[in-house]
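To keep things clear, I will list the structure first and then write my remarks on it.
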Amino acid sequence: MPSSVRFRLIVGAALLLSLGGKAALSRTAPDGGNADFVSAAVDTLRQQGFVVTREVRPFATVIHAQRGDCRLLAAEYRAHGTMAEPLAALATPVGPLRFIWRGETREAAPKIAPLMHFYVRRELRRIGFAPDHLPITAVAASRGCKDPVDWGALAALPA
């Protein structure tokens, strides 16, 4: 067998072993999804007297809630910040969109800390740890919402 063919076989075998080892040792991070957020948000709003419905959109599950003259729209805002425009468009008939992260309400979505948390949490989940999920809650409230909603239950969700 010529040496060039032998060399190609050795390089090919090394490549297959290398890629096979990486595939075997690399685990995909479990998908946290947002079912935990939706469930907690629905429960929170129902406990505070709201009638709640869900609307599944391609970018998020949107929660609609009503209690008397108060109408709310809520959704999990992804840490990547890519869903601002569709959420703002849905929120327009209800009221201005605000963001709640770790119990603090903001006019603009937080960026750096939630994104860093997202990546660290994803990597920890890959190696078997289960850190809490710290969702960003996007909320729009109508003018009829005089009593504040307690969003504390959504500050940190167990994995």
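Results, tabulated for the structure shown:
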read-out: Residue check, VAL11 at pLDDT below 90 and either of a type outside the set (D, E, K, R) or open to solvent by less than 100 Å² (accessible area, probe 1.4 Å) (or both); value: yes
read-out: Which listed residue is aliphatic (A, V, I, L, M) and modelled with pLDDT of 95 or more, from ALA138, ALA130, ALA155; value: ALA138
read-out: Single unsatisfied condition, ILE127 versus (1) surrounded by fewer than 12 Cβ atoms within 10 Å (Cβ to Cβ); (2) in contact with a strand residue (DSSP E or B) (Cβ under 7 Å, 6 or more places away or on another chain); value: (2)
read-out: Count - residues of region 128-145 that are in contact (Cβ under 8 Å) with a residue 40 or more places away in the chain and either of a type in the set (Phe, Trp, Tyr) or in a loop (DSSP other than H, G, I, E, B) (or both); value: 5
read-out: Unmet criterion (only one of (1) at pLDDT 95 or above; (2) out of contact with any strand residue (DSSP E or B) (no Cβ under 6 Å at 6 or more places or on another chain); (3) open to solvent by 80 Å² or more (accessible area, probe 1.4 Å); (4) outside any loop (DSSP other than H, G, I, E, B)) for HIS117; value: (3)
read-out: Failed condition for ASP150, given (1) among the charged types (D, E, K, R); (2) touching a residue at least 12 places away in the same chain (Cβ under 8 Å); (3) exposed (fewer than 14 other Cβ atoms within 10 Å of the Cβ); (4) out of contact with any helix residue (DSSP H, G or I) (no Cβ under 9 Å at 6 or more places or on another chain); value: (4)
read-out: Residues satisfying the stated conditions in region 42-52, i.e. open to solvent by less than 80 Å² (accessible area, probe 1.4 Å) and out of contact with any Asp or Glu (no Cβ under 8 Å at 6 or more places or on another chain); value: VAL42, ASP43, LEU45, GLY49, PHE50, VAL52
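The values are calculated or read from the model by the stated rules, or taken from the named source; none is laboratory data. Just so we're clear, the structure is a prediction, and the values are computed from it rather than from any experiment. Cβ coordinates were reconstructed from backbone atoms using ideal geometry, including for glycine residues, and neighbour counts include every protein chain displayed. Note: accessible area is taken over every heavy atom of the protein model, side chains too, but ligands, DNA and RNA are not part of it. Shrake-Rupley method; radii C 1.70, N 1.55, O 1.52, S 1.80 Å.
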